[in-house]
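Participant: The structure follows.
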Amino acid sequence: MLTTLTALAEPTRLRIVELLQSSPRYVGEIEKLLVLSQPQVSKHLRVLREAGVVESTVVAQRRLYELRRQPFQEMAAWLEGYRRSWEDHLDALEAHLEKIGDDQ
């Protein structure tokens, strides 16, 4: 998961992932939407592919990139532990504030 977070920490790669969230895209589409050169896009896609965030398939002579679900499912599971912890803390705070309110 650290590899995924590291890959997503770079703003351009995060923007690419956001584009791929809606649908798979060809490199040329990503270039146009982000106003970047083909080498720049390819460099970022290589990092995302090596991190396991995206996968590509060859269609004719073009590469179609799409997101892989697994790294995002792993991040969601990791974040869930923090969400539950914060909910427990906030529930305890709410109970404490209600008790203080009732005592007055």
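Participant: Work out how much length Glu74 to Arg15 would gain on full extension: take 0.36 nm times their residue separation and subtract the Cα-Cα distance, in nm to one decimal.
Facilitator: Extra length available between Glu74 and Arg15 comes to 19.2 nm.
Participant: Once fully extended, how much extra length lies between Thr6 and Lys32, figured as 0.36 nm per residue of separation less the alpha-carbon to alpha-carbon distance?
Facilitator: 6.9 nm
Participant: Decide, for region 16-71, between rounded, prolate and oblate: order the square roots of the alpha carbon gyration tensor eigenvalues as a ≥ b ≥ c, take rounded if a/c falls under 1.5, and otherwise choose prolate if a/b is larger than b/c, else oblate.
Facilitator: Rounded, because the longest to shortest axis ratio a/c is under 1.5.
Participant: Averaged per residue, what accessible area in Å² does the chain show with a 1.4 Å probe, protein chains only?
Facilitator: Heavy-atom accessible area per residue stands at 71 Å².
Participant: Show me, for region 13-27, the HN-Hα J-couplings you get by feeding each phi into the Karplus relation (A = 6.51, B = -1.76, C = 1.60, θ = phi - 60°), rounded to Hz, glycine and proline as x.
Facilitator: Taking θ as phi minus 60°, the curve returns 5, 5, 5, 4, 4, 4, 5, 6, 4, 7, 5, x, 9, 7, 3 Hz for region 13-27.
Participant: How far, in nm, would the chain grow between Trp86 and Glu98 when pulled straight, counting 0.36 nm per residue and subtracting the alpha carbon separation?
Facilitator: Between Trp86 and Glu98, full extension yields 2.5 nm more.
Participant: Something else about it: How large is the dipole of the chain about the Cα centre if only Lys and Arg carry +1 and Asp and Glu carry -1, each at its Cβ, rounded to the nearest 20 debye?
Facilitator: On the way: 14 positive and 16 negative charges, 235 e Å.
Computed charge dipole of the chain: roughly 1120 debye.
Participant: Let me ask you something else. Given a cut-off of under 8 Å on Cα pairs at least six residues apart, what relative contact order in percent is computed for the chain?
Facilitator: Over the chain, the number comes to 27 percent.
The values are calculated or read from the model by the stated rules, or taken from the named source; none is laboratory data. Keep in mind that this is a model prediction, so the values were computed, not measured. Glycine gets a Cβ as well: all are built from the backbone with ideal geometry, and neighbour counts include every protein chain shown. Accessible surface is based on the protein model in full, side chains and every heavy atom, while ligands, DNA and RNA are left aside. Shrake-Rupley method; radii C 1.70, N 1.55, O 1.52, S 1.80 Å.
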